[in-house]
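Visitor: Just passing along the structure, written as structure tokens.
The values are calculated or read from the model by the stated rules, or taken from the named source; none is laboratory data. None of these values were measured; they are calculated from a predicted model. All Cβ positions, glycine included, derive from the backbone under ideal geometry; neighbour counts span all protein chains shown.
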Amino acid sequence: MDIEPLDPEFVRDRLSRPPFVTIAGVDNVRDLGSYPTSNPGFITKPNFILRGAEISAIQEEGKERLRQLGIVKAFDLRSDTEIAKWGTAPPAFEGFEIVRTPVFKIEDYSPEMMAKRFELYASGKTEAFMKLYSQILDNAGPAFGVIFRHVRDKPTEGCFIHCTAGKDRTGVLAALILTLAGVSDDAIADDYALTRVGREPARAKVMARLSKEPIFATNSEAALNMFSSRAETMLAFLHLLREKYGGVEEYLKQYVGLTDADIAAIRRNLLVAAT
């Protein structure tokens, strides 16, 4: 099963290679750059958009690495209630800006709503994730708009996009970015699946946190399903994006408020000539 612990040696080796980026104190960091695209002679721009988990425990070495890579801003997709619940406010440090871009502005953390939400996640079923990912798309227009406009207006300023685990909200946003750039569905799905490896070092921390939620306290398998990150789930999402939302460009116009000119500029800024 894909929820069983991974071999530590395999994890260490895989995390040491692209697209993973080592940022001390931050889990599951990957570069959305260097992917081949459908635009002949162009790849996605390296060290421009990193994706990952929340950064509350970033170490000094990690901060310095972000500076070296030219990453000057983080877009935090988490809700205020989520940050308060877990005590994971992002730290401020020189030369780095934290921009709060919550997908869900006011998220209901009542026991009843948490149980419903976790029941979907814990099932590990593709159809459950499609329901969750559709909720993300329906609510995220304003938040995603801030990020896409950054790409449009600041093509030389690298950024870091993250939620809590760097899997679902971040995964949906990363899929939109890579799809717009012309990256293949299979490559996007493979990138999504790498979260399974990227989160492995945080397994004990995640399980300890989940053990405080009633639905998981007596159901360890449900908790372990939170580690699920299957390529077929992302392929199903990309199908959903096209069938329900008309594709990435239509979504960006209808939900994010971008124009055709905006979208063309964003696509140009996501690409760089392959060498």
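Visitor: Quick one: which helices (runs of 4 or more DSSP H) lie wholly within segment 129-213 and hold at least 1 residues that are aromatic (F, W, Y), in contact with a strand residue (DSSP E or B) (Cβ under 7 Å, 6 or more places away or on another chain) and surrounded by fewer than 17 Cβ atoms within 10 Å (Cβ to Cβ)?
Guide: Once the helices (runs of 4 or more DSSP H) in segment 129-213 are filtered for at least 1 residues that are aromatic (F, W, Y), in contact with a strand residue (DSSP E or B) (Cβ under 7 Å, 6 or more places away or on another chain) and surrounded by fewer than 17 Cβ atoms within 10 Å (Cβ to Cβ), nothing remains.
Visitor: Do we find that A236 is under 24 Å from M130 (Cα atoms), at pLDDT 95 or above and crowded, with 17+ Cβ neighbours inside 10 Å in this structure?
Guide: Values: under 24 Å from M130 (Cα atoms): yes; at pLDDT 95 or above: yes; crowded, with 17+ Cβ neighbours inside 10 Å: yes.
So A236 fits the description; yes.
Visitor: How many residues does segment 56-70 hold that are touching a Leu at 6+ places or on another chain (Cβ under 9 Å), in contact (Cβ under 8 Å) with a residue 40 or more places away in the chain and surrounded by fewer than 24 Cβ atoms within 10 Å (Cβ to Cβ)?
Guide: Looking only at that region, the number is 1.
Visitor: I'm trying to understand the selection: among the residues of segment 91-100, which are touching a residue at least 24 places away in the same chain (Cβ under 8 Å) and either assigned to a helix (DSSP H, G or I) or touching a strand residue (DSSP E or B) at 6+ places or on another chain (Cβ under 9 Å) (or both)?
Guide: The answer is P91, G95, F96, E97, I98, V99, R100.
Visitor: Further, regarding this structure: For segment 6-27, does any single residue satisfy the condition of being touching a Pro at 6+ places or on another chain (Cβ under 9 Å) and surrounded by 20 or more Cβ atoms within 10 Å (Cβ to Cβ)?
Guide: yes
Visitor: Need a quick list: strands (runs of 3 or more DSSP E) entirely within segment 34-81 having at least 1 residues that are over 14 Å from E97 (Cα atoms) and of a type in the set (K, R).
Guide: On the way: elements: 42-44, 49-52, 71-76.
Where strands (runs of 3 or more DSSP E) fall fully within segment 34-81 and carry at least 1 residues being over 14 Å from E97 (Cα atoms) and of a type in the set (K, R), they are 49-52.
Visitor: Tell me which residues, restricted to segment 149-177, are of a type in the set (A, V, I, L, M) and under 12 Å from the mean Cα position of the chain (by Cα). Before you say what the answer is, go through the steps one by one.
Guide: Keep residues of segment 149-177 that are of a type in the set (A, V, I, L, M), which gives 151, 161, 165, 172-177.
Selection gives I161, A165, V172, L173, A174, A175, L176, I177.
Visitor: Answer yes or no as to whether T88 is of a type outside the set (D, E, K, R), over 29 Å from Y35 (Cβ atoms) and touching a residue at least 40 places away in the same chain (Cβ under 8 Å).
Guide: In short, yes.
Visitor: Among the residues of segment 8-52, which ones are in contact with a helix residue (DSSP H, G or I) (Cβ under 6 Å, 6 or more places away or on another chain) and of a type in the set (G, A, S)?
Guide: A24, G25
Visitor: What's the number of the condition V26 fails, among (1) within 21 Å of the chain's Cα centre (by Cα); (2) in a helix (DSSP H, G or I)?
Guide: With (1) within 21 Å of the chain's Cα centre (by Cα); (2) in a helix (DSSP H, G or I) applied to V26, the lone miss is (2).
Visitor: Within segment 1-23, can you find the residues that are part of a loop (DSSP other than H, G, I, E, B) and under 22 Å from L69 (Cα atoms)?
Guide: S16, R17, P18, P19, V21, T22, I23, listed by residue number.
Visitor: Mind counting the residues in segment 91-122 that are modelled with pLDDT of 95 or more and basic (K, R)?
Guide: Residues that pass the stated criteria total 1.
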